[in-house]
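The structure appears right after this line, and notes come after that.
The values are calculated or read from the model by the stated rules, or taken from the named source; none is laboratory data. Note that this is a predicted model, so its numbers are computed, not measured. Using ideal geometry, Cβ is built from the backbone for each residue, glycine included, and neighbour counts are taken over all protein chains shown. The protein model used for the area step is the full one, side chains on, heavy atoms only, and it has no ligands, DNA or RNA in it. Shrake-Rupley method; radii C 1.70, N 1.55, O 1.52, S 1.80 Å.
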Amino acid sequence: MVQSEPARPDESSGSPLLRVERVTKTFPGVVALQDVSLEVYPGEVLGLVGENGAGKSTLMKILSGVYQPDSGEIVLDGKPVTLHSPRQAQDLGIAIIYQEFNLMPNLSVEENVFVGREPNTGKVVRWRQLRKQTEDLLDQLGVRLNPGAIVRSLSVAEQQMVEIAKALSLNARLVIMDEPTSALTDTEVAALFDIIRGLKARGLAVIYISHRLEEIFTICDRVTVLRDGQLAGELPVAEATPDRIVRLMVGRPLMDLFRPEQAERRLEILAERSPEPVLEVRGLGRTGTGQDPSAIVLEDVSFSVRPGEIVGLAGLVGSGRTEIARAIFGADEYDRGEILVDGQPTRIRSPREAIRLGIGLVPEDRKLQALVLSLAIRENMALSLLDRLSRFGVVRLGAERALARRMVDALRVRTPSIEQKVLNLSGGNQQKVVIAKWLALHPKILIMDEPTRGIDIGAKAEVHGLMHQLAADGVAILMISSELPEIIHMSDRILVMRQGRIAGELGHAEATQETVMALATGVSASTVAAA
Ligand code: ADP
Ligand code: MG
């Protein structure tokens, strides 16, 4: 559709800046979007939420000219537009801030802001003018950043600011942010929100994608919910509750998401049979980090986990939780103490030995440690199983395929095929592939470090359900989580770490956010509750 007149900004704020009308987009084997409509007004922050795979990123890529819809219309200022390329979207005032930035790491802030459009006379870049314009933009945003700084040396938050400054310099009227806070600290999130409020005040429209509901409640005016590629609902934030949004996202209420009845039954069985621990840690200690050889990393850590039990390891970041996991898995050395598996003292020197003893570890950073993103689901699953699936060094493709199919079905990984690259899966589905890799090895002991970090509430519930299932089948689970509600609801017992030591243990019935935090910080429970 070619427009005869140039787009003219609408004076009355009563009409939307942008309308998406019945957009459909399919990929081979997947309907990513079906008949989706939404609108966004000048000066408004529209929240876009939905489970992983709901179609949020696809919709945003359509709005920024990366993908073309199969059918449907984009209407800007009341006029249908066709966005053939990112450049065209940019010219029409649509800017997108991606999770992975599009900056040139070796160029400076100012060069990045004006890349390809440097003010120049003839062939000479007018550096002074470039600096002045960049400073003005950063000032408008209230950001303190040296325009000459090389982007590579900036924090994630600062790089994001450069992206936003670039959007402003392009006279963006609609700024799209896709999961902008996933790598930010709380202070940086607050700073970003101030900037978003500034954009709003200047009459820009913002589409804000996040799976963190508290952020939607803080910064958005309206929220649109996608589910399985379709519009599930749309409502003003003032009328929304977390439960209502979650219900739209996953099609069921929030209450069902934690602790099934089967967990209570499992506790009863554990109490009746009181099985011997499958994992026992006695007096584990380690001194010294790279920077400080005398620092206490772990000190006199003792605990045990029985088959069928879910034990939570709580504590602040840096309290030693991950170090315990890595020591048990043979990934880190320890100086003192011993580890017993099935009552037998063992010295686990490598992950390979740990795996042989029936110990699995779902690591904290699945992208770095557990998955090869450029390989297919099938290939990733096979990597940890090479010993078992290969004969004379040749991996048997048939066995690999059968296993991958079984796991994809069992864990309900949403993918058109086992040949899909892991890169193209959503975070929740990537995590399921990591877990599937371990399940295929039938571990007796499964250590899970932040098993649901960064995945949405629906996938989270599925991972939780799976953990309960494993425990019911007799697997001993040691779970590390920084999310208090998760650790409180999932754990049969909680060990709370503080400064490398176990500060205390809480049974499921006595665990509350206050009692856990009191042990984690060393501040008394009544003080925490009063705060
Ligand atoms: P969200 O951002 O809400 O997590 P996406 O828009 O990324 O969801 O994905 C929607 C669906 O489309 C998912 O099933 C995803 O696997 C699929 N998908 C997205 N991009 C591609 C692609 N380039 N090729 C194939 N499938 C894709
Ligand atoms: Mg996405």
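For this structure, a couple of remarks:
- Check on Leu18, within 15 Å of ligand 1 (Cβ to nearest atom), modelled with pLDDT of 95 or more and not polar (S, T, N, Q): no
- Condition met for Leu478 (open to solvent by less than 10 Å² (accessible area, probe 1.4 Å) and either in contact with a Pro (Cβ under 7 Å, 6 or more places away or on another chain) or outside any loop (DSSP other than H, G, I, E, B) (or both)): yes
- Residue within segment 176-196 that is without any contact (Cβ under 8 Å) to a residue 40 or more places away in the chain, β-branched (Val, Ile, Thr) and farther than 27 Å from Gly55 by Cβ present: yes
- Only one of the numbered conditions (1) touching a residue at least 24 places away in the same chain (Cβ under 8 Å); (2) surrounded by fewer than 21 Cβ atoms within 10 Å (Cβ to Cβ) is not met by Asn424, and that is (1).
- Looking only at segment 41-56, and only at residues there that are within 6 Å of ligand 1 (Cβ to nearest atom) and under 14 Å from the mean Cα position of the chain (by Cα), the one that is modelled with the highest pLDDT: Gly50
- Residue identified as at pLDDT below 80 and not assigned by TED's automatic domain parsing to the domain that holds Phe303 among Leu403, Leu397: Leu397
- Check on Arg117, under 26 Å from Leu63 (Cβ atoms), loosely packed, with under 13 Cβ neighbours inside 10 Å and modelled with pLDDT of 85 or more: no
- With respect to the stated conditions, Pro345 is at pLDDT 90 or above and not in a loop (DSSP other than H, G, I, E, B).
- Residue satisfying condition, being of a type in the set (Lys, Arg), under 17 Å from Arg321 (Cα atoms) and either assigned by TED's automatic domain parsing to the domain that holds Asn52 or within 25 Å of the chain's Cα centre (by Cα) (or both), within set Arg453, Arg493, Arg501: Arg453
- Test set (1) open to solvent by 60 Å² or more (accessible area, probe 1.4 Å); (2) within 16 Å of ligand 1 (Cβ to nearest atom); (3) part of a helix (DSSP H, G or I); (4) of a type outside the set (A, V, I, L, M) - Arg87 fails condition number: (2)
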